[in-house]
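Comments concern the structure below.
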């Protein structure tokens with residue numbers, strides 16, 4: 001009985017996680033719909049998409065630090081502690097005077113990477129996070145990035161070379177070469193930033209001419 005109880009709890013938790021992921025995915029792909037009882041026959045009408053909203057898709061291999069980057073962008077993110085690996089989806093919104101940035105992070109596990117391409121449809125900017133200290137997986141990070149770029153040849157891209165505070169992290173120039181970014185720029189807006197999470201968990205980067213990572217995104221959307 002105890003074993004069955006544990007199995008039941010585990011299945012319930014899994015269903016809750018799956019339901020949350022499906023809810024976020026449906027809201028991301030499809031316009032929101034509302035029930036309208038005012039007509040002679042009750043109908044369902046689609047709400048107009050908010051023109052102020054800009055979708056920012058955050059991708060990268062598992063362990064690259066995607067969730068930590070998003071946490072560093074949010075107010076009070078420093079107080080939340082270390083992030084757990086994303087098993088499905090992670091979603092946050094940041095309001096700016098000109099627009100609203102909706103960040104959708106998708107887990108980077110091997111089982112989720114095949115679905116990345118499906119989420120490029122409504123994306124205005126792609127943020128690709130790379131673990132600069134994981135030299136052994138840089139070829140895989142390059143492979144997955146180029147697979148995305150081939151599908152959307154003009155999509156603006158910000159590559160974050162994360163974990164620059166690690167002693168074995170590659171430099172920005174080494175990362176540029178390892179990811180073969182020179183072969184994909186052409187007409188595309190592409191930026192490579194060195195990033196790390198400081199002691200206060202605020203995102204730190206080396207973006208020249210712009211004060212913050214958010215400012216760069218606002219320039220691109």
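A few comments on the model shown:
One line per residue, one yes/no per condition, for (1) surrounded by fewer than 14 Cβ atoms within 10 Å (Cβ to Cβ); (2) at pLDDT below 90:
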| site | (1), (2) |
| --- | --- |
| 123 | no, no |
| 127 | no, no |
| 130 | no, no |
| 136 | yes, no |
| 141 | no, no |
| 156 | no, no |
| 179 | no, no |
| 184 | no, yes |
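- Conditions (1) modelled with pLDDT of 90 or more; (2) closer than 20 Å to residue 157 by Cβ; (3) surrounded by 20 or more Cβ atoms within 10 Å (Cβ to Cβ); number of the one not met by residue 172: (3)
- Every condition in (1) out of contact with any helix residue (DSSP H, G or I) (no Cβ under 8 Å at 6 or more places or on another chain); (2) free of Cβ contacts under 8 Å to residues at least 60 places away in the same chain; (3) not in a helix (DSSP H, G or I) is met by residue 108 except one, and the failing one is (1).
- When residue 166 is tested against the conditions (1) in contact with a strand residue (DSSP E or B) (Cβ under 9 Å, 6 or more places away or on another chain); (2) at pLDDT 85 or above; (3) surrounded by 14 or more Cβ atoms within 10 Å (Cβ to Cβ), the lone failure is (3).
The values are calculated or read from the model by the stated rules, or taken from the named source; none is laboratory data. The model shown is predicted, which means the values in this text are computed figures rather than measured ones. Because the Cβ atoms are built from the backbone with ideal geometry, glycine has one as well, and the counts that use them run over all protein chains shown.
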